[in-house]
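Any read-out appearing in this document is the output of simple, stated calculations on the displayed coordinates, not a laboratory observation. Since the structure is predicted, the reported quantities are computational estimates derived from the model, not experimental observations. Glycine also receives a Cβ, built like all others from the backbone with ideal geometry; neighbour counts cover every protein chain displayed.
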Ligand code: NAD
Ligand code: TDX
């Protein structure tokens, strides 16, 4: 199978490409990435000379360049990870989120139609459902819930989902959508909660916790997300949405304390700062559908996943260092 993977040099895309190359020795990857600040060519550099891996620096909004990829390579499936993904940045500057997350998805869907590609999988997020109250632990997001977004980021991701479903209905485009909870693991850009806190704690810097720190996220180890996507791409039913979750709800303050304890750093590093505007209170996913219909379940419990993650960041200081000093951008003529 030849996969065209967009956003492959980002956190989850990188882990997914590694997963496919490990699990399916016959498969080939065309990794398409614009290499924004979040895309890091270092992530997959070791595959540079692997005949199964090809990198193409392309913006998914660039229709001509995207069509040219489909003219060049015979593609069996497209998995769209490419996105602006950080909620705080979407609050500062929504426009690029609308461009990449909505227009970029539309360009890819058009290409899938034009070149009669057999499968398009859209990587979405649980944030499209909005948030849940802290005092109703019985409530979890279900696939048939309506969309109720809070941030420009989640509104742009929800718009992309709606486009996918509209293309399915109108043109019969072979789409599937997955909506996953918060991921953690190796290669996550150090602007997101877990890598940011690991990094700051190691440097004895203060750890900024938004608001009261009681907001809850449902954490899933990234490799479990990858195995779920793989199941959907191979076995999922066209036109369907699949929730993916870790069944592992933790408040932000709990997460920060776990990291501090693992690194043997004092809780006095915690600093409560101004809350994120529109900050979603709680996310929790019901992933019964993918478990029952496709036989997926997460393999990594949080205790071992967070230890592996902390070890990875401790053992790869040059990865962070090259991001912090900007060296990671000085490849392939990448513009910042
Ligand atoms: P990321 O920000 O780490 O990576 C995004 C990648 O997309 C980067 O490599 C970037 O260079 C690339 N990209 C951005 N704009 C592009 C464009 N116009 N053209 C081509 N490439 C472009 O994000 P991530 O955390 O790996 O998330 C991947 C996907 O998963 C996103 O769609 C995100 O919405 C979704 N998601 C993430 C999480 C999470 O916890 N991180 C949870 C659920 C869903
Ligand atoms: O410095 C921080 N302090 C803090 O308290 C940061 C960066 C975050 N937080 C809080 C905000 C959230 O409640 O931690 C929680 C997690 O924040 P993020 O890592 O920014 O993730 P979140 O906003 O939950 O969104 C993530 O999960 C869903 C991804 O970034 C999205 O791409 C994905 O769709």
Testing residue 40 on (1) within 16 Å of residue 231 (Cα to Cα); (2) buried (at least 22 other Cβ atoms within 10 Å of the Cβ), one condition comes back false. Which one is that? (1)
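Yes/no matrix, rows are residues, columns are (1) closer than 22 Å to residue 131 by Cβ; (2) buried (at least 16 other Cβ atoms within 10 Å of the Cβ); (3) within 21 Å of the chain's Cα centre (by Cα):
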residue	(1), (2), (3)
233	no, yes, yes
246	yes, yes, yes
260	no, yes, no
267	no, no, no
281	yes, no, yes
290	yes, yes, yes
293	no, no, no
Give the residues of the stretch 64-93 that are over 25 Å from residue 225 (Cβ atoms) and either within 16 Å of ligand 2 (Cβ to nearest atom) or part of a strand (DSSP E or B) (or both), sorted by residue number. 92, 93
Give, as residue ranges, the strands (runs of 3 or more DSSP E) completely inside the stretch 231-307 that count at least 3 residues that are out of contact with any helix residue (DSSP H, G or I) (no Cβ under 8 Å at 6 or more places or on another chain), in contact (Cβ under 8 Å) with a residue 60 or more places away in the chain and within 16 Å of ligand 2 (Cβ to nearest atom). 270-273
Over the stretch 81-113, the set of residues more than 7 Å from ligand 1 (Cβ to nearest atom), in contact with a helix residue (DSSP H, G or I) (Cβ under 7 Å, 6 or more places away or on another chain) and within 26 Å of residue 71 (Cα to Cα) is 101, 102, 105, 106, 107, 108, 109, 111, 113
Considering only residues that are within 16 Å of ligand 1 (Cβ to nearest atom) and touching a strand residue (DSSP E or B) at 6+ places or on another chain (Cβ under 7 Å), which ones fall in the stretch 155-180? 157, 160, 161, 164, 175, 176, 177, 178, 179, 180
Checked the stretch 1-58 for anything within 21 Å of residue 112 (Cβ to Cβ), in a helix (DSSP H, G or I) and either touching a residue at least 60 places away in the same chain (Cβ under 8 Å) or within 16 Å of ligand 2 (Cβ to nearest atom) (or both); matches are 12, 13, 16, 20
